1. It is to be established whether one or more residues within the range 421-439 are in a loop (DSSP other than H, G, I, E, B), closer than 22 Å to Arg603 by Cβ, free of Cβ contacts under 8 Å to residues at least 60 places away in the same chain and in contact with a Ser or Thr (Cβ under 7 Å, 6 or more places away or on another chain).
2. When you go through (1) modelled with pLDDT of 70 or more; (2) part of a helix (DSSP H, G or I); (3) among the aromatic types (Phe, Trp, Tyr) one by one for Tyr189, which number turns out not to apply?
3. Is there a residue in the range 101-116 that is at pLDDT 90 or above, in contact with a strand residue (DSSP E or B) (Cβ under 9 Å, 6 or more places away or on another chain), surrounded by fewer than 21 Cβ atoms within 10 Å (Cβ to Cβ) and not basic (Lys, Arg)?
4. If you check Gly610, Gly588, Gly565, Gly561, which single one turns out to be in contact with a Pro (Cβ under 7 Å, 6 or more places away or on another chain), closer than 23 Å to Gln429 by Cβ and surrounded by 15 or more Cβ atoms within 10 Å (Cβ to Cβ)?
5. For the range 144-156: of the residues being over 17 Å from the mean Cα position of the chain (by Cα) and touching a residue at least 24 places away in the same chain (Cβ under 8 Å), which is surrounded by the fewest Cβ atoms within 10 Å (Cβ to Cβ)?
6. When you look at Leu454, is it on the phi < 0 side of the Ramachandran plot, within 15 Å of the chain's Cα centre (by Cα) and in contact (Cβ under 8 Å) with a residue 12 or more places away in the chain, yes or no?
7. Please state which of the following conditions Lys472 fails to meet, knowing it meets all the rest: (1) of a type in the set (Lys, Arg); (2) more than 18 Å from Arg315 (Cα to Cα); (3) over 21 Å from the mean Cα position of the chain (by Cα).
8. Kindly provide the set of residues from the range 302-315 that are surrounded by fewer than 15 Cβ atoms within 10 Å (Cβ to Cβ), of a type outside the set (D, E, K, R) and touching a residue at least 12 places away in the same chain (Cβ under 8 Å), ordered by number.
Amino acid sequence: MLEKINQPNDIKNIRPEDYRILAKDIRRFLLQNVSKTGGHLASNLGIVELTMALHLVMDFPKDRLIFDVGHQSYVHKILTGRKEGFKNLRQFHGMSGFPKRKESDCDAFHSGHSSMSLSTALGMAAARDINKTDETIVAVIGDGALSGGMAFEALNNMSRLRQERKNLIIILNDNKMSIAENVGGMSAYLNRVRTQKEYVEFKGNVEQSLSKIPGIGDGLIRVLKKSKDSIKQLFVPGMMFEDMGLTYVGPIDGHDIPNMVSILKRAKQLQEPIIIHVVTKKGKGYIPAEKNPAKFHGIGPFSLKNGEVIGKSNRPSNTKIFSETLLQAATDDPKIMAVTAAMPDGTGLQKFGEVYPERFYDVGIAEEHAVTFCAGMAANGLKPVFAVYSTFLQRGFDQVLHDVAIGNYPVIFGLDRSGLVGADGETHQGIFDIPYLSMIPNVTVMAPVNGKELREMLLFALHHSKGPTAIKYSRGTAESLYEESFEEISFGKGQVLKEGKDVVLLSVGNMLSESVKAIQMLKEKGYDAGLVNPRFVKPLDDKLLDRLAKKYSCIVTVEEGILNGGFGSMVMQYLYSKGYRGKIRNIGIEDQFVEHGSIPELRKMLKIDGENIARSVQKWMEEK
């Protein structure tokens, strides 16, 4: 069947009796390709039939389809003629794992973070009506993403569409999962809806019966429809969506293509916003993914036979070191609390939740709430640790500034995936955390260079933190370089790892290995370079910087982050304000978003790998 899908709308030429064969072919195609490249598998296996139904009803690229987060857009890419791109999925200069407008006109909007689809769709609907065009706009949002506050803000605003009689279709893809199993009130609400399907049939039967009553039947039906306490209100607790101005349909089987096609065609004709509640199974069609959808949410290359990841390192990851250290510390300190935003597995906090369930909080996809929730605990004497991906804490910037930093509450942020993360691309690169955190008063930012230092920094923060503290660590295997040279951590103090004569490199966190390579290359060129581990990005170690300024005529900072507002700019500002007359040069990422690819490839492209660092330093040393 897939041989017949080569461009947008080709699916309309498939006979209805062949839909199941096509769905099976798509799942086989996904498994064969994602097992080689890695990617988001379980969510795409679960959305096959739903995406097919959307493509059978919609007309691309005229109509607009917005995927919340966007990691479940693989099937959409297949059906819009991008099969060949899967050979290089998420590879350097290859096809993105997320929707990209520059990749295809059929991708209506770039995405990567959660809970954005409803606001985007509402904006597109407003533009459609102003421009007097007639495209259909559909937003596909998961039940996990619906727990995000931004989605509720959009729902609240959406009631205006009903008043103005404007069409907008929202697909609630309910698979009981985000990355991990969903938690909270919204999840409980949808669970009650799923288990009370009978209200749909009951409502229809009541209306049919009433209509047969001579003289008064039709009037009673009109009263029921107008009443806020309608049949739906009686049988579905709260009927939240209808109360917010949305026509609600469901729940329906998300793997029943003919039924979904029928409902979508009717939804297109409505002159009001409608939410279609679709129940799907995450990981459907591949038993290992069905049994463990969290593992297969985002996975590297794996064996199709048993589902095991290929080439997995035996050395501990930074995530594991952080989570195990936190768990050990919690044994002796009952005030330590662990918080995650729907990512207990990704941040390593799953075990903490099993051992100390009363001290573990998964708040759902709600980073803003998580930050202020931690502030409330810290204000009353607890020690909250919020483990979160660097790129996702951006969503809680206002809360870090206003709710945590102004009160100077000792909240600890474990910034996982800080720096380049590779295959997920622009939306997930953790390269902005130094600028956005360092600008906030009272915030301490620490960057360990190896696994031992990460462990000791977390313990130091737990025992000595007087205010908000962020510890930024990279994705993947923990570094072991210079672990034997570890010195006890002292607040705001860096460590000289190697003395030199000609130039010194101040290497932040996970850039240590590249800096070591550069120093070796510089040695071969006749330059004796020193190496410093700043440890603290903020506050700067003023005394150490003063000493380096007296010894070296060239000081180079190295960081895997945006230069604008980064560590290097802070060092430069300080030293020049003190009258330093030597050269200060900064190595980092220029003002840009960084595409997907392996970390070595991206570092080389950005000229922050060892070879390019050495080349840049040599050039600066030769300048008059």
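The values are calculated or read from the model by the stated rules, or taken from the named source; none is laboratory data. This is a predicted model, so every value here is computed, not measured. Counting neighbours? That spans all protein chains shown, and the Cβs are built from the backbone with ideal geometry, glycine included.
1. No, every residue in the range 421-439 fails to be in a loop (DSSP other than H, G, I, E, B), closer than 22 Å to Arg603 by Cβ, free of Cβ contacts under 8 Å to residues at least 60 places away in the same chain and in contact with a Ser or Thr (Cβ under 7 Å, 6 or more places away or on another chain).
2. (1)
3. yes
4. None of the others qualify; the one that does is Gly565.
5. Asn156
6. Here the answer is no, as Leu454 does not meet what is asked.
7. (3)
8. Ser303, Leu304, Asn306, Ser313
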